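The values are calculated or read from the model by the stated rules, or taken from the named source; none is laboratory data. Here the structure is a predicted model, which is why all the values come from computation and not from measurement. Here the Cβ is made from the backbone with ideal geometry for all residues, glycine too, and neighbour counts use every protein chain on show. Protein only, heavy atoms only, side chains kept; ligands, DNA and RNA dropped before computing areas. Shrake-Rupley method; radii C 1.70, N 1.55, O 1.52, S 1.80 Å.
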Amino acid sequence: MGKRTTGFSGLSRFLQAEKLTSDLPVDVRNGTKRSLDSSAESQSSKKKRKSDGESTEDIGTSRTKLVQKYDMSGSIPVFKTMQEVPENLKKYYAQRERFFSLYSTPPGCLLDDEGWYSVTPERIANQIAERCRCDTILDAFCGVGGNAIAFAKTCQRVIALDISPTRLALARHNAQIYGVAQHIEFILADYISFAEMYLSSPKAATSRKIDVVFLSPPWGGPSYLSGSGSPSDSNSSPNENMPAPFALSDIQPIHGVDLFKLSNRITPNIAYYLPRNTDLDEVSALVKNDNSKDDIQEFIEVEEEWMGRKLKALTCYFGGLAAGQSELF
């Protein structure tokens, strides 16, 4: 049984859930983070985790022979020079090896237009995956597979959903390049329908227990910063003004609050990947504690995902994923 490691590259801060008192311990430092209650993080935290001594490097670095029928080479345009890239994709193409470090490894990683501006940069995906170690994780909106590939290195089983057969096929193609496709179950499905079916089937909830749900839903395209950019061209530094707050109502395919509530019925352990300008008051209100109860009150951990001086996104950790409350896992 493993415990969470420290020394993440992002910044973390802790939000009080709605109705909590305001005397929250906060420690925000570049490159480090502190638990709310370090004594609460026991050596045997998170029952469903791989052990610290169990190496996962072989999974992520070994190369398996590609299954020919899952090789999507030739299915979408592949750019070899910047001159071939459409103007609206050039800023993303320039960062291709940030998205996939093995981008040029034969037969080459593949992304469709939406994949270019929605994929999570690999270093951030790896960091989130480290935080989400468990037996079974559900990647609700897998896209072209950036997060699913990272989860396959730290989790025993990954369920990857997407409504696009093209993106799902590209995700499997990319996972083969990383040698982890055999650890991922790719399912062509709408997450809302999948979740409702899962919750309505007692057998599914017992025989296919999901430990963690990762939510990286559509943010509404590159315009989510009110026309000022997208995750990959965010150039803000800590001293720059943030754009107008992003509302959870702008999440697709349903309101971000409803999406969280649905996922919370599956598991309390949720990692919610959101725009850097998300309204944190709305995030705080997602968890409501009853002050009349003596039970432990739940906190939400918000990790700022930085690459150099660029703030890319926020990852909000709920339940047992938040530092200091592993007993909720």
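Structure summary
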item	result
Protection proxy ranking, peptides 136-144, 163-171, average beta carbon neighbours within 10 Å, highest first	136-144, 163-171
Area of Met82 that stays accessible when all protein chains are in place (1.4 Å probe, Å², to 10)	70 Å²
Where Arg208, Arg309 fall by accessible area, highest first, once all protein chains stay in place (1.4 Å)	Arg309, Arg208
Apportionment of accessible area to carbon and sulfur, segment 140-223, percent (1.4 Å)	58 percent
Simple Cβ-charge dipole of segment 98-177, Lys/Arg +1 and Asp/Glu -1, about Cα centre, in debye nearest 20	280 debye
Residue-by-residue Karplus 3J(HN,Hα) for segment 103-109, coefficients 6.51, -1.76, 1.60, Hz, glycine and proline x	3, 8, 5, x, x, x, 5
Solvent exposure ordering (accessible area, 1.4 Å, most first) of His183, His173	His183, His173
Long pairs among Lys69/Lys312; Lys153/Lys312; Lys153/Lys209, criterion Cα-Cα beyond 26 Å	Lys69/Lys312
